[in-house]
2 protein chains.
Amino acid sequence: MSEVITLAHGSGGRKTSELIAGIFKKYLGNSFFTADDAAVLPRPSGKIAMSTDGFIVSPWKYPGGNIGRLAVCGTVNDLACMGAKPLYLTCSYVIEEGFPVSDLEEIAKAMGETAKEAGVYIVAGDTKVAGKGQVDKIFITTAGVGVIEDGIETSGRFARPGDAIIVTGDVGRHGTTILLARDEYGIEADCTSDCAPLWQPVSEALKVCPGMHVIRDATRGGVGTVLYEIAAEANVGIRISRQDIPVSDEVRGVTGLLGLEPLYLACEGRMVMMCPKDKADAVVEALSAFEYTKGARIIGEVTEDNIGKVITVTEVGGQTYLPQPGNELLPRIC
Amino acid sequence: MSEVITLAHGSGGRKTSELIAGIFKKYLGNSFFTADDAAVLPRPSGKIAMSTDGFIVSPWKYPGGNIGRLAVCGTVNDLACMGAKPLYLTCSYVIEEGFPVSDLEEIAKAMGETAKEAGVYIVAGDTKVAGKGQVDKIFITTAGVGVIEDGIETSGRFARPGDAIIVTGDVGRHGTTILLARDEYGIEADCTSDCAPLWQPVSEALKVCPGMHVIRDATRGGVGTVLYEIAAEANVGIRISRQDIPVSDEVRGVTGLLGLEPLYLACEGRMVMMCPKDKADAVVEALSAFEYTKGARIIGEVTEDNIGKVITVTEVGGQTYLPQPGNELLPRIC
């Protein structure tokens, strides 16, 4: 195979076939992976969930992962948020002419490994090659289908006053990691992305609390944006305790230096959950048994007052509004 | 709303919400369209098909359609090729900063109209904004789920010697239209893209021939590439009659001037079907009742000899090999 991606790799002809056989089938192949126009899959055992997410990230690899792992986790976690066991993914690549084939191989390898870890099959794909300068290296879009467990119904609309608010681990690691990987600030810190597939811990949390109201993953806009979204959708208030929000020393250090709010930094392996207060300890205990969610904590509660707002209780007991999510992401990570 | 897309529209925050409410929900909304992380959908009634396709096309609009219509038709038709009734689509946008909002609206409107025409729901989406120069205007990726009718099983592998080969209309219109829309050759011709959603005619063809062996849409690489793919997958030969291949006068004129092979020009609303010969006339008759497939024709047959090759019988009765699909698409249309 040539050493860089050429326009011919996107032609749908012989070079595309070589790319599929040499890389995609090798790393992503499974019994459902199709050479036809669409994959044929067994009838799901219940209601289904369907989601999509597009991934553009610069640099495409960083401590703790790369765009391939990210593209699998993003869609797997979106499905998990609806209480759906992720079953099948599709992936679509847009690759810039001249992109090294060895880098594409590294990305596909990460996708295959992460899919295996997440228990999901990649069943169909598409590859387009854009001319030099028409795309920034590589974009990946994944879409996924999952099956919803009987009796589970989650939505941002279901948050109720009195619900406990749980975050599944320390916040802001992905955003901080990308920021440092860009090397624009001359800061060094030992920070890795939290990017991880979370269906397994979510599934256990749902076993101890089938009546879970809300599960949402805090990606682009961080935990703060998720909290404001839910406050609006469910017409409730949110009160969180600053000292209960888990933040790693590295993230605290970097955000302190740059004046950033950790609650608005992207995560890629953290979920916000809201459930009846009497189940919250059991949910945290269930989550704590898993590597990716061992840092789960109760950080606050849903309130009747302050509708549409997020209040933070400071370390010294004062209450302040969390500023509303701004316009642009800082740092811009996707 | 501002007049051009800004990075803030991709932040996942307030401006993203405005874009979703003002454009995507307006044109694409339906009862399944989700504000949560994934859409929740009823249990399908049978086996499912799943597919994805990424769309990059320059210019983004052209006679007969635009990238929005294309993105819906592409995935709807991929599902139809497996005998699957298209049910749900997701769509993911990557938009260049500075792209006019009015153009995005035109694209979303076309997507909504085409989805309605195709009888499919757009259930989930994602929007990312890339910095100026990081993407060429707009890329759209769609993924789709369909349900496979009982008893239907199609695949490129199922072509059998003796099968009739049908094409559902005149070939090469999409590729020719894009080529002319680029205005690089100074040729004027009244050519429109064939882009269309084809489940309805496919469904009727399957009713008269439930034992259909192969349905494949001839997109990027045209009918010629599809024929070579199937010859390889099913380990058969293909013989087609040059004079039976429907080609419009406009496409014939342009390809004649530029020395292009119409069989290798992209279509976006044409399928190649292979079925037992005794059903072929009934299939053509069923297809002929629909606007988009009224030009359906039998163009040849599957053979035991010349395995892996495509033979064309010329107008004067001679036989020649169709040249193998080349490396690069000419013209490059995606």
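Bear in mind these aren't lab numbers, they're just calculated from the coordinates by the rules spelled out. Remember, it's a predicted structure, so these values are computed and weren't measured experimentally. Note: ideal-geometry Cβ built from the backbone for every residue, glycine included; neighbour counts use all protein chains shown.
Sorted shortest first, the separations between the B:G133 label point and its copies elsewhere in the assembly read 0.9 nm; each point sits 7 Å from Cα along the Cα-to-Cβ line. Farthest toward the positive end of the dipole of chain A, out of A:V171, A:A218, A:A189, is the Cα of A:A218, where the dipole comes from beta carbon charges about the Cα centre.
Please report the projected area of the stretch A:176-324's Cα convex hull averaged over all directions, in nm².
Numbers: hull surface 36.6 nm².
For the stretch A:176-324, the mean projected area of the Cα convex hull comes to 9.2 nm².
For chain B, a Gaussian network of Cα nodes joined below 10 Å ranks B:D244, B:D53, B:D183 by mean-square fluctuation, and the top entry is B:D183. Bridgeable aspartates and glutamates around B:K277 (alpha carbons under 12 Å apart, same-chain partners fewer than 8 residues away excluded): B:D163, B:E301.
Just the number, please: Stokes-Einstein D of the stretch B:119-229 in µm²/s, Kirkwood Rh from C-alpha pairs, 37 °C, 0.692 mPa s.
On the way: Rh = 17.7 Å.
It diffuses with D of about 185 µm²/s by this estimate.
Note on A:K26: aspartates and glutamates with a C-alpha under 14 Å away, same-chain residues under 8 apart excluded, are A:E18, A:E105, A:E106, A:E113.
The convex hull around the C-alpha trace of the protein assembly as shown, projected and averaged over every direction, spans 28.1 square nanometres. Using a cutoff of 8 angstrom between alpha carbon atoms and counting only pairs six or more residues apart, the relative contact order for the stretch B:156-321 works out to 43 percent. Dipole magnitude for the stretch A:156-321: computed about the Cα centre from +1 point charges on Lys and Arg Cβ and -1 point charges on Asp and Glu Cβ, it is near 460 debye. Of all aspartates and glutamates in the structure, those lying under 14 Å Cα to Cα from B:K109, and not within fewer than 8 positions of it along the same chain, are B:E117. Dipole magnitude for chain A: about 540 debye, using +1 per Lys or Arg Cβ and -1 per Asp or Glu Cβ, origin at the Cα centre.
Exceeding 18 Å between C-alpha atoms, which entries from my cross-link table qualify? They are B:K25/B:K116; A:K116/A:K137; B:K85/B:K294; A:K137/B:K132. Intermediate values should be presented prior to the final figure.
Working: B:K25/B:K116 14 Å; A:K116/A:K137 25 Å; B:K85/B:K294 20 Å; A:K137/B:K132 14 Å.
With Cα atoms farther than 18 Å apart: A:K116/A:K137; B:K85/B:K294.
Rg and Dmax of chain A, both derived from C-alpha coordinates alone, stand at 20.5, 66 Å. Plainly put, the tip 7 Å out from Cα toward Cβ on A:G259 is 6.4 nm from that tip on each other copy, the closest given first.
Taking B:V223, B:V316, B:V272 in turn, the Gaussian network model of chain B (Cα-Cα springs below 10 Å) assigns the largest fluctuation to B:V316.
Treat the stretch B:72-143 as a sphere of radius equal to its Kirkwood radius over Cα pairs and apply Stokes-Einstein at 10 °C in a medium of 1.306 mPa s; give the translational diffusion coefficient in µm²/s, rounded to a whole number. D, rounded to a whole number, is 122 µm²/s.
The per residue volume of the convex hull around the alpha-carbon atoms of the stretch B:1-89 is 142 Å³.
Counting from the shortest, the label point at B:P161, 7 Å from Cα toward Cβ, is 7.9 nm from the same position in each remaining copy.
Quick one: what do you get for the stretch B:7-148 if you divide its Cα Rg by 2.2 N^0.38 Å? Don't skip to the end; give the middle numbers.
Values: Rg = 14.7 Å, N = 142, 2.2 N^0.38 = 14.5 Å.
Cα-based Rg divided by the globular estimate yields 1.02.
Contour minus end-to-end for B:K25 and B:V313, with contour as 0.36 nm per residue of separation and end-to-end as the Cα-Cα distance? Length difference between fully extended and current span is 98.5 nm.
Ordering A:294-303, A:213-222, B:197-206, A:246-255 by mean Cβ neighbour count within 10 Å, with the highest value first, yields A:213-222, B:197-206, A:294-303, A:246-255.
Taking the Cα centre of chain A as the origin and placing charges on Cβ (Lys, Arg +1; Asp, Glu -1), which of A:A21, A:P63, A:S2 is farthest toward the positive end of the dipole? Looking along the dipole axis, the top candidate is A:A21.
Charges were assigned to the Cβ only: +1 to each Lys and Arg, -1 to each Asp and Glu. The resulting dipole of the protein assembly as shown about its Cα centre is roughly 540 debye. Could you work out how far helix A:199-208 tilts from the main Cα principal axis of chain A, as a 0 to 90 degree angle to the nearest 10? Taking Cα atoms only, the helix is inclined about 30 degrees.
Compared with the dominant principal axis of the Cα atoms in chain A, helix A:101-118 is inclined by about 50°.
Of all the options A:A196, A:A231, A:A282, the one that moves most in a Gaussian network model of chain A with Cα springs shorter than 10 angstrom is A:A282.
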